[in-house]
Amino acid sequence: MPLPFPQVMFPDVTFISPAFLRERGVRGLLLDIDGTLMQTRDALPRPEVLAWMERLRREGFFLYILSNNKHERRVRAFAEAMALPWQYLARKPLKKGFSRAFAQMGLSPAELAVVGDQIFTDMWGARRCGCHALLVESTDTYLWYFPLRRLLELPFRREKP
Ligand SMILES: [Mg+2]
């Protein structure tokens, strides 16, 4: 069983450059929303994050919204505003949602990077499926359970290629 270590950790998504992705053979990104692109209570990401997404798209990367959020409306509204394919209730780290995304994108796991803020959903799912595992600092530090989550994640919060 693969352990849920991230391969590379970033302060936030805007630090993930097209050059970095290309060097690793990445052609598409499976993006988490909450805590990754924006705070769970926000409707839209910061302008810098939107610009980052646009830049990746312009440079030919495929973006896909893979969210565990159970509110279909939240995920749909954002994904449709960005004209991106999406799944809500993806149940990461289970493989089923990932597999559906691979099929819809026509890309293999090795060509995809999972970008997320959580170890036991995003990173573990990425590792189980053979995707690149890129962890960002969560924007959701205000959540009441955040300290507990961070404590549980601590053993795995380091980079392992
Ligand atoms: Mg998240």
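The values are calculated or read from the model by the stated rules, or taken from the named source; none is laboratory data. Being a predicted model, the structure only gives us computed values, none of them experimental. Counting neighbours? That spans all protein chains shown, and the Cβs are built from the backbone with ideal geometry, glycine included.
Considering only residues that are assigned to a helix (DSSP H, G or I), surrounded by 14 or more Cβ atoms within 10 Å (Cβ to Cβ) and not hydroxyl-bearing (Ser, Thr, Tyr), which ones fall in segment 3-24?
Val13, Phe15, Pro18, Phe20, Leu21 - these are the residues of segment 3-24 that are assigned to a helix (DSSP H, G or I), surrounded by 14 or more Cβ atoms within 10 Å (Cβ to Cβ) and not hydroxyl-bearing (Ser, Thr, Tyr).
If Met38 passes every condition in (1) surrounded by 14 or more Cβ atoms within 10 Å (Cβ to Cβ); (2) touching a Ser or Thr at 6+ places or on another chain (Cβ under 6 Å) but one, which one does it miss?
(2)
Have a look at Glu159, Glu111 and point out the one that is in contact with a strand residue (DSSP E or B) (Cβ under 7 Å, 6 or more places away or on another chain), modelled with pLDDT of 95 or more and farther than 17 Å from Leu31 by Cβ.
Details: Glu111 fails: farther than 17 Å from Leu31 by Cβ.
Going through Glu159, Glu111 in turn, the sole match is Glu159.
Could we say that Arg91 is assigned to a helix (DSSP H, G or I) and either surrounded by fewer than 21 Cβ atoms within 10 Å (Cβ to Cβ) or not hydrophobic (A, V, I, L, M, F, W, C) (or both) here? Steps first, answer last, please.
Working: assigned to a helix (DSSP H, G or I): no; either surrounded by fewer than 21 Cβ atoms within 10 Å (Cβ to Cβ) or not hydrophobic (A, V, I, L, M, F, W, C) (or both): yes.
Considered against the rule, which asks whether it is assigned to a helix (DSSP H, G or I) and either surrounded by fewer than 21 Cβ atoms within 10 Å (Cβ to Cβ) or not hydrophobic (A, V, I, L, M, F, W, C) (or both), Arg91 comes out as no.
Within segment 103-122, which residues are out of contact with any Asp or Glu (no Cβ under 9 Å at 6 or more places or on another chain) and assigned to a loop (DSSP other than H, G, I, E, B)?
Gly106, Leu107, Ser108
Going residue by residue through segment 124-141, is there one that turns out to be within 15 Å of the ligand (Cβ to nearest atom), free of Cβ contacts under 8 Å to residues at least 24 places away in the same chain and loosely packed, with under 14 Cβ neighbours inside 10 Å?
Yes, because at least one residue in segment 124-141 is within 15 Å of the ligand (Cβ to nearest atom), free of Cβ contacts under 8 Å to residues at least 24 places away in the same chain and loosely packed, with under 14 Cβ neighbours inside 10 Å.
Picking from Arg57, Arg127, Arg76, Arg100, which residue would you name as being part of a helix (DSSP H, G or I) and under 16 Å from Val8 (Cα atoms)? Spell out the reasoning first.
On the way: Arg57 fails: under 16 Å from Val8 (Cα atoms); Arg76 fails: under 16 Å from Val8 (Cα atoms); Arg100 fails: under 16 Å from Val8 (Cα atoms).
None of the others qualify; the one that does is Arg127.
In the list Pro155, Pro147, which residue meets the criterion of being over 17 Å from the mean Cα position of the chain (by Cα), assigned to a helix (DSSP H, G or I) and closer than 17 Å to Pro2 by Cβ? It would help to see each step written out before you state the result.
Details: Pro147 fails: closer than 17 Å to Pro2 by Cβ.
Criteria check complete, one pass: Pro155.
For segment 57-65, indicate whether the set of residues that are more than 19 Å from Phe5 (Cα to Cα), touching a helix residue (DSSP H, G or I) at 6+ places or on another chain (Cβ under 9 Å) and within 12 Å of the ligand (Cβ to nearest atom) is non-empty.
Scanning segment 57-65 turns up at least one residue that is more than 19 Å from Phe5 (Cα to Cα), touching a helix residue (DSSP H, G or I) at 6+ places or on another chain (Cβ under 9 Å) and within 12 Å of the ligand (Cβ to nearest atom).
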